[in-house]
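The values are calculated or read from the model by the stated rules, or taken from the named source; none is laboratory data. Please read these numbers as outputs of a predicted model, since none were measured by experiment. Here the Cβ is made from the backbone with ideal geometry for all residues, glycine too, and neighbour counts use every protein chain on show.
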Amino acid sequence: MSTYLINHLRIPGGVPNEQGLTYLEHVEETARPFGGRWLAQGEGEVVEGAWPGTVVLMEFPSMEDARNWYDSPAYRAIRPLRTDNSISDLILVDGVGPDYTVAGFAQDVRAAIASRS
C-alpha cells in the first residue's frame, strides 16, 4: 500500500534562499532510491479555512520506504537546509485500499461505539 508524504510548507519571504535552493537541487536524488516521487507541489486553491504557503505531495511504495528515506544518511545530510530555512508541517499517511469507502469507515466507527455500550 502506498504511503503519502504531505508537507504544508511556508518559506519566509516566499522565495527560497540559497540553502533552500540547494535542498531542492538535492532532495530528489535522496528520495529516488526509496521509490519516492512527487505527485504535486505548489500553491493550492483554498476552498475552506486557511492554508498559507504551499503543499508538497509525495508518494512512497510503503511506510517503511518513507521512513527509511526520511532517516537515511543522504536525507539527514540535507534536511537542515529545509528545516532551518522554512516552516513545515510534514506527515506520512498510508493510502487506502481499493475497497475503502467513507461510508464503510462510518459503519466501523458506529460498530465500535455500539460494542462499548
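Structure notes:
- Residues being surrounded by fewer than 14 Cβ atoms within 10 Å (Cβ to Cβ) and hydroxyl-bearing (Ser, Thr, Tyr) - total across region 1-48: 0
- Residue within region 81-96 that is free of Cβ contacts under 8 Å to residues at least 40 places away in the same chain, under 16 Å from the mean Cα position of the chain (by Cα), under 22 Å from residue 21 (Cβ atoms) and surrounded by 11 or more Cβ atoms within 10 Å (Cβ to Cβ) present: yes
- Taken over region 49-79, the criterion of being of a type outside the set (Gly, Ala, Ser), surrounded by fewer than 14 Cβ atoms within 10 Å (Cβ to Cβ) and not in a helix (DSSP H, G or I) is satisfied by 52, 71.
- Of all residue pairs spaced 6 or more apart or on separate chains, those with beta-carbon atoms under 8 Å, a first member in region 32-47 that is within 18 Å of residue 73 (Cα to Cα) and a second member that is in a strand (DSSP E or B) and of a type in the set (A, V, I, L, M, F, W, C) are 34/60; 35/60; 36/5; 36/58; 36/60.
- For region 24-48, the set of residues classified as polar (S, T, N, Q) and assigned to a strand (DSSP E or B) consists of 41 only.
- Scanning region 50-61 for residues that are modelled with pLDDT of 95 or more and either out of contact with any strand residue (DSSP E or B) (no Cβ under 9 Å at 6 or more places or on another chain) or more than 18 Å from residue 87 (Cα to Cα) (or both) gives 59, 60, 61.
- Index of the failed condition, residue 116 passing every other in (1) of a type outside the set (Asp, Glu); (2) over 20 Å from the mean Cα position of the chain (by Cα); (3) surrounded by 11 or more Cβ atoms within 10 Å (Cβ to Cβ): (3)
- Among the residues of region 1-23, those that are part of a loop (DSSP other than H, G, I, E, B) and either among the small types (Gly, Ala, Ser) or under 28 Å from residue 96 (Cα atoms) (or both) comprise 1, 2.
- Only listed residue being part of a helix (DSSP H, G or I), among the hydroxyl-bearing types (Ser, Thr, Tyr) and more than 21 Å from residue 1 (Cα to Cα), chosen from 115, 88: 115
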